[in-house]
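Engineer: Quick one: the structure is below, questions incoming.
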Amino acid sequence: MAKKIINLDALIPDDTTIIIYQGQEHVIAAATTETYLKVIEQRGKLSSVAPNDEAAMTKQAIDLLCLVIPTLKRDDVLKMPIDVLMKLVDLVMERINQQTTGDAAPLTASDEEVIEGESTLPLFSPG
């Protein structure tokens with residue numbers, strides 16, 4: 001019976017996205033399973049908000065940012081110009097999409113069989 005090795009470490013992207021706000025660096029956290037579940041929950045809450053309830057939608061966006069950029073203080077987010085906030089939300093959503101659609105580094109073959117797989121996670125979309 002052949003030994004099979006599944007290298008999960010090869011699936012973890014080694015790229016890091018850092019934002020700089022008010023002179024401080026903030027790392028956008030990797031999409032862990034826990035983060036993914038929280039994002040899905042927030043997305044569900046957002047979908048239940050009336051489309052014209054911009055206040056609720058903005059609060060959900062702020063919650064998302066604070067979740068995936070834990071070093072970014074909520075008070076600082078609340079003081080951001082709205083265009084900066086929206087661009088940051090777009091960046092974060094794009095990053096989450098990249099991390100949850102299987103765009104991680106490919107598995108590499110070794111002397112032993114390596115089993116490859118694809119993510120079947122759904123795409124995120126703001127709103």
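The values are calculated or read from the model by the stated rules, or taken from the named source; none is laboratory data. Nothing here was measured: the structure is a model prediction, and the numbers come from that model. Cβ: placed from backbone, ideal geometry, glycine included. Neighbour counts: every protein chain shown.
Engineer: Look through ILE18, ILE96 and report the one residue that is under 20 Å from the mean Cα position of the chain (by Cα) and exposed (fewer than 14 other Cβ atoms within 10 Å of the Cβ).
Structural biologist: After applying the criteria, what remains is ILE18.
Engineer: Determine whether segment 77-97 contains at least one residue that is at pLDDT 85 or above, in a helix (DSSP H, G or I) and in contact with a Cys (Cβ under 8 Å, 6 or more places away or on another chain).
Structural biologist: So far as segment 77-97 goes, yes, one or more of its residues are at pLDDT 85 or above, in a helix (DSSP H, G or I) and in contact with a Cys (Cβ under 8 Å, 6 or more places away or on another chain).
Engineer: Any residue that is surrounded by fewer than 12 Cβ atoms within 10 Å (Cβ to Cβ), farther than 15 Å from ALA29 by Cβ and at pLDDT 90 or above - is there at least one of those in segment 67-76?
Structural biologist: Yes, segment 67-76 contains a residue that is surrounded by fewer than 12 Cβ atoms within 10 Å (Cβ to Cβ), farther than 15 Å from ALA29 by Cβ and at pLDDT 90 or above.
Engineer: With respect to ALA105, is the statement that it is surrounded by 12 or more Cβ atoms within 10 Å (Cβ to Cβ), modelled with pLDDT under 75 and among the small types (Gly, Ala, Ser) true?
Structural biologist: yes
Engineer: Another question, if that's okay. Please count how many residues of segment 1-59 are touching a residue at least 40 places away in the same chain (Cβ under 8 Å), of a type in the set (S, T, N, Q) and in a loop (DSSP other than H, G, I, E, B).
Structural biologist: Here the count works out to 3.
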